[in-house]
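Asker: Dropping the structure in here first, questions after.
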Amino acid sequence: MTTTDLPHPAATNREGDRIDSGRQTWFKLLMTFRVLGCSVLFACVLSAASEDANLKYFRDLAETRNYTLGRPVSPKITPDGREVIFLRALPREPTLRLFALALATGQERELLTPAQLLRGGEEKLSAEEKARRERQRQSLKGFTAFQMSNDGARLLVTLSGQLYLVDRADLKITVLPGNGWTDPRFSPDGNFVAAAGRDRELHVIDLAMMTARAITSGATPTLSHGVAEFVAQEEMSRFEGFWWSPDSQALLVQETDESAVEVRYVADPLHPSVPPNKFFYPRAGTANAIVRLMLVRRDGGRPVPVSWDHTGFPYLAHANWPRHGPLTILVQNRAQTEERLLAVNAQTGATGELLRETDPAWLNLDDNFAGSLGTRKPPFWFADGSHFLWTTERRGAWQVELRDASGKLVRELTPPTWNYRGLVGLDEAGGGFYVRGGDDPRETHLWRFPLSGGPFDGLRAGAGVRLTSERGQHHAAFFREPRLLVRTSDHFDGRYRSEVLAANDGRVVASLPSLAEIPPQLPQTELTRTTGARSFDAAITRPRNFVPARKYPVILVVYAGPTSKRVVAEARGFLTDQWMADQGYLVVRLDGRGTPWHGREWERVVKGNLIDIALEDQIAGLQALAAQFRELDLGRVGVTGWSFGGYFSAMAALRRPDIFKCAVVGAPVITWENYDTHYTERYLGLPQDSPEAYRVSDVTTYAAQASRPLLLVHGLTDDNVYFQHTLQLADALYMAGKPYELLPMLGTHMVSDPLVRLRQQTRIMDFLNRELQPQ
């Protein structure tokens with residue numbers, strides 16, 4: 001489920017203000033008429049005429065992607081430590097190009113541009129690639145990713161389904177055979193590339209012979225090889241469907257059988273002559289894809305199936321084939337209350353248990369490994385295969401553990417009262433490891449902990465050493481050879497840095513150049529915590545012409561659901577809040593129970609009911625803030641959110657009209673039995689087993705109570721939260737005789753086009769202004 005701010009960044013093939021008749025375009029006619037008894041607002045895409053400063057502010061914000069376009073993306077240091085390779089776009093052009101920076105001299109050179117390969121043509125994406133990018137929340141064009149061979153000699157990029165090999169020494173470009181490839185990856189020895197093909201089989205390309213051959217067979221319209229299924233991509237952050245062996249001789253391949261999975265069709269209403277796209281979508285309580293694994297030799301041959309209890313543990317969460325240590329897989333039961341880490345015999349496919357995790361509510365997956373670990377998830381094995389690092393919430397919060405090769409616990413490495421946010425890298429020679437986290441859940445810092453463990457002193461991290469100090473979000477990618485870090489820091493005061501550091505002493509080796517524009521003004525946002533029975537992280541953004549003695553209406557910008565924290569020390573995240581505040585509001589964010597990074601009990605209290613506690617805490621937080629900051633007028637509160645936030649907004653206005661005077665309901669989940677299995681069942685169980693949990697969490701249960709204005713916004717071609725949800729709410733309101741407004745769009749769950757974002761957000765503010773500031 002999407003967890004980003006409204007509006008969410010999205011994939012788009014348009015540039016600037018060019019109006020495209022494709023699937024992300026808004027309807028071109030401006031008209032109001034009655035549908036299902038509601039006011040249906042069709043957005044009008046007009047050429048930009050004269051704009052006041054308010055509109056220009058948001059246009060600039062949208063065109064620069066919150067002033068992040070132009071920053072270096074996905075930096076990778078070459079094995080010889082001489083260069084860092086990275087992607088970067090122009091400040092207002094969302095097309096990524098390939099660059100290299102010499103660490104010794106700081107000299108930058110452009111390696112490759114999409115224009116060189118397209119030669120005047122346009123980038124074309126298949127329906128499968130568009131869906132994959134939707135799952136990855138990838139909104140940019142051009143080279144959205146690149147691969148580097150282990151020896152650093154070659155780079156691999158994809159454009160319009162075509163693979164290109166780039167020799168770093170002379171920048172020679174070789175077009176690889178075939179087209180329509182998905183998830184291409186070098187073999188560890190750099191001599192081959194594996195990729196999933198349009199024929200739904202896994203292929204291996206021999207880079208010496210320049211030949212491609214399928215190493216799997218038997219694919220059908222419902223059976224595929226080498227591609228992760230929907231819930232793995234959308235909910236487990238697992239986009240891989242195959243894994244190379246360390247010796248490049250074999251691959252672990254996923255086989256996905258979707259024959260029992262429900263099918264959904266999404267049509268483009270603007271082009272009714274075009275056939276709809278088909279999606280396999282497992283709703284809560286219905287059949288999932290059947291996922292199997294097999295070991296396949298690089299040159300083909302009879303596959304060896306990997307055996308485990310598929311009935312008891314149908315979800316494949318992670319797979320990891322390290323250079324040293326065994327091939328491992330992490331599998332979960334359907335209820336997500338038990339998971340097992342299994343070691344796989346790479347010759348026979350037999351599995352043995354290394355460890356298991358259980359939780360009476362649910363188990364979260366650790367998707368926070370980064371840096372030199374690439375897309376790998378725990379366990380992270382030592383070079384000699386004797387130990388591995390594991391992460392767990394067993395003691396009430398995320399921790400890093402040291403375990404021996406048998407899976408036996410050796411020691412805890414981080415304290416249970418400290419906020420672990422992701423493992424960065426392992427320094428075995430130095431006896432330590434790098435990790436992201438900190439004592440304040442609103443900030444993320446880089447730390448180093450010893451492999452020897454403790455001592456842990458109360459809430460402090462004991463032997464851990466904090467390596468960053470400025471308030472903000474600090475990220476790092478660790479490269480062991482030579483020992484270098486790429487650290488990215490987004491400070492709360494608006495500063496941004498991306499630097500290559502020496503891991504041993506923190507010395508700055510080089511700075512990665514950013515072309516991103518600097519915001520002309522930073523948001524006037526105050527981070528605070530509420531007082532009372534419970535303390536909630538909160539943010540208040542005030543208008544730039546704020547008058548302390550004045551009372552202001554309040555806009556609650558909300559998510560309020562699992563997996564997403566909205567109050568974080570990152571200035572650019574509040575730029576849209578400032579735009580709203582400058583129109584005469586106080587804009588508030590709150591993180592109540594059910595949100596992450598406050599411990600297991602805080603998060604899991606929402607089990608079986610996704611709304612009651614979330615609603616209680618948001619209201620309690622608002623009331624606590626109003627007692628502390630008298631400028632908040634709780635007699636005029638509007639709420640706006642997207643995805644789970646849209647769900648919350650609808651519930652807030654329906655159930656607590658005494659607090660919320662109006663609501664913007666963006667792409668909401670309305671009936672949870674119509675959302676996907678892995679997300680929904682984690683919190684509510686199966687609908688067959690927990691009908692009451694689904695009833696109380698269903699927005700239509702309360703539709704007849706509607707008494708406040710609602711603006712429903714949804715993309716007609718959304719393949720994550722289907723437009724079906726908003727229509728279900730619209731129908732329930734209509735049948736109850738309740739009015740509402742509907743803003744339909746031809747987009748997906750994500751919206752990034754600058755003009756579309758501007759028109760959408762302007763319409764939202766028109767609605768809020770009308771209801772909260774009618775004068």
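Asker: If we keep just the residues of segment 529-548 that are without any contact (Cβ under 8 Å) to a residue 60 or more places away in the chain and assigned to a strand (DSSP E or B), which is farthest from G592 (Cα to Cα)?
Answerer: Of everything passing the filter in segment 529-548, T541 is farthest from G592 (Cα to Cα).
Asker: Out of segment 250-271, which residues are among the acidic types (D, E) and assigned to a strand (DSSP E or B)?
Answerer: So in segment 250-271, the residues among the acidic types (D, E) come out as 255, 257-258, 262, 268.
Correct list: E255, D257.
Asker: Let me ask another. What is the residue count in segment 403-426 for residues that are open to solvent by 10 Å² or more (accessible area, probe 1.4 Å) and not polar (S, T, N, Q)?
Answerer: Residues meeting the conditions: 10.
Asker: Right, another one. Say whether the condition of being open to solvent by less than 10 Å² (accessible area, probe 1.4 Å) and under 20 Å from V296 (Cα atoms) is met by at least one residue in segment 257-268.
Answerer: Checked against the condition, which is being open to solvent by less than 10 Å² (accessible area, probe 1.4 Å) and under 20 Å from V296 (Cα atoms), segment 257-268 yields no hits at all.
Asker: Going through segment 157-181 one residue at a time, which ones are within 25 Å of the chain's Cα centre (by Cα) and either surrounded by fewer than 21 Cβ atoms within 10 Å (Cβ to Cβ) or farther than 22 Å from G300 by Cβ (or both)?
Answerer: V157, T158, L159, S160, G161, G180
Asker: Kindly establish whether R302 is in contact (Cβ under 8 Å) with a residue 60 or more places away in the chain, of a type in the set (K, R) and assigned to a loop (DSSP other than H, G, I, E, B).
Answerer: The answer is no for R302.
Asker: So which residues in segment 140-156 are open to solvent by less than 10 Å² (accessible area, probe 1.4 Å) and either farther than 29 Å from R65 by Cα or β-branched (V, I, T) (or both), if there are any at all?
Answerer: S149, G152
Asker: How many residues does segment 315-333 contain that are crowded, with 18+ Cβ neighbours inside 10 Å and closer than 18 Å to E681 by Cα?
Answerer: Residues flagged as crowded, with 18+ Cβ neighbours inside 10 Å and closer than 18 Å to E681 by Cα within segment 315-333 amount to 5.
Asker: All but one of (1) open to solvent by 20 Å² or more (accessible area, probe 1.4 Å); (2) hydroxyl-bearing (S, T, Y); (3) in contact with a strand residue (DSSP E or B) (Cβ under 6 Å, 6 or more places away or on another chain) hold for T531; which doesn't?
Answerer: (3)
Asker: Quick check on my filter: what residues within segment 61-82 are charged (D, E, K, R) and either touching a residue at least 60 places away in the same chain (Cβ under 8 Å) or open to solvent by less than 10 Å² (accessible area, probe 1.4 Å) (or both)?
Answerer: Within segment 61-82, E63, R65, R71, K76, D80 qualify.
Asker: Could you grab the pairs with beta carbons closer than 6 Å, sequence gap of 6+ or different chains, first residue in segment 117-130 and closer than 28 Å to F279 by Cβ, second one in a loop (DSSP other than H, G, I, E, B)?
Answerer: What qualifies is E123/S160; K124/S160.
Asker: If you take the residues in segment 327-358 that are touching a residue at least 60 places away in the same chain (Cβ under 8 Å) and in a loop (DSSP other than H, G, I, E, B), which one is nearest to the chain's Cα centre (by Cα)?
Answerer: Only one residue tops the list, namely Q336.
Asker: If I filter segment 697-717 for residues that are touching a Ser or Thr at 6+ places or on another chain (Cβ under 8 Å) and open to solvent by 40 Å² or more (accessible area, probe 1.4 Å), do I get at least one hit?
Answerer: Checked against the condition, which is being touching a Ser or Thr at 6+ places or on another chain (Cβ under 8 Å) and open to solvent by 40 Å² or more (accessible area, probe 1.4 Å), segment 697-717 yields at least one hit.
Asker: Does T337 count as of a type in the set (S, T, N, Q), touching a Phe, Trp or Tyr at 6+ places or on another chain (Cβ under 9 Å) and either under 20 Å from T256 (Cβ atoms) or open to solvent by 20 Å² or more (accessible area, probe 1.4 Å) (or both)?
Answerer: Considered against the rule, which asks whether it is of a type in the set (S, T, N, Q), touching a Phe, Trp or Tyr at 6+ places or on another chain (Cβ under 9 Å) and either under 20 Å from T256 (Cβ atoms) or open to solvent by 20 Å² or more (accessible area, probe 1.4 Å) (or both), T337 comes out as yes.
Asker: I would also like to ask the following. Could you say whether any residue in segment 604-617 is assigned to a helix (DSSP H, G or I) and farther than 18 Å from S649 by Cβ?
Answerer: Checking segment 604-617: at least one residue is assigned to a helix (DSSP H, G or I) and farther than 18 Å from S649 by Cβ.
Asker: Continuing with the same structure: Can you name the residue in segment 666-685 that is open to solvent by 10 Å² or more (accessible area, probe 1.4 Å) and within 18 Å of F280 (Cα to Cα) and, of all such residues, is nearest to the chain's Cα centre (by Cα)?
Answerer: Within segment 666-685, the subset open to solvent by 10 Å² or more (accessible area, probe 1.4 Å) is 673-674, 682, 685.
From what's left, within 18 Å of F280 (Cα to Cα): 673-674.
On the way: E673: 23, N674: 21 Å.
So, considering only residues that are open to solvent by 10 Å² or more (accessible area, probe 1.4 Å) and within 18 Å of F280 (Cα to Cα), the one nearest to the chain's Cα centre (by Cα) is N674.
Asker: So which residues in segment 434-459 are modelled with pLDDT under 90 and either on the phi > 0 side of the Ramachandran plot or buried (at least 16 other Cβ atoms within 10 Å of the Cβ) (or both), if there are any at all?
Answerer: G453, G454, F456, G458
Asker: Of all residues in segment 537-559, count the ones that are open to solvent by less than 10 Å² (accessible area, probe 1.4 Å) and in contact with a helix residue (DSSP H, G or I) (Cβ under 8 Å, 6 or more places away or on another chain).
Answerer: Qualifying residue count, segment 537-559: 11.
Asker: So which residues in segment 289-307 are within 26 Å of D366 (Cβ to Cβ) and buried (at least 20 other Cβ atoms within 10 Å of the Cβ)?
Answerer: Answer for segment 289-307, where residues must be within 26 Å of D366 (Cβ to Cβ) and buried (at least 20 other Cβ atoms within 10 Å of the Cβ): A289, V291, L293, L295, V306.
Asker: Might you let me know whether segment 619-627 holds any residue that is within 30 Å of Q773 (Cβ to Cβ) and either in contact with a helix residue (DSSP H, G or I) (Cβ under 7 Å, 6 or more places away or on another chain) or part of a strand (DSSP E or B) (or both)? Walk me through it before giving the result.
Answerer: To start, the set of residues in segment 619-627 that are within 30 Å of Q773 (Cβ to Cβ) comprises 619-627.
Those left that are additionally either in contact with a helix residue (DSSP H, G or I) (Cβ under 7 Å, 6 or more places away or on another chain) or part of a strand (DSSP E or B) (or both): none.
For segment 619-627, residues within 30 Å of Q773 (Cβ to Cβ) and either in contact with a helix residue (DSSP H, G or I) (Cβ under 7 Å, 6 or more places away or on another chain) or part of a strand (DSSP E or B) (or both): absent.
Asker: Checking L768 against (1) assigned to a helix (DSSP H, G or I); (2) over 14 Å from I670 (Cβ atoms); (3) modelled with pLDDT of 95 or more; (4) open to solvent by 20 Å² or more (accessible area, probe 1.4 Å): exactly one of these is not met. Which one?
Answerer: (4)
The values are calculated or read from the model by the stated rules, or taken from the named source; none is laboratory data. Just so we're clear, the structure is a prediction, and the values are computed from it rather than from any experiment. Every residue, glycine as well, gets a Cβ built from its backbone with ideal geometry; the counts of neighbours run over all protein chains shown. SASA here: full protein model, heavy atoms, side chains in, ligands and nucleic acids out. Shrake-Rupley method; radii C 1.70, N 1.55, O 1.52, S 1.80 Å.
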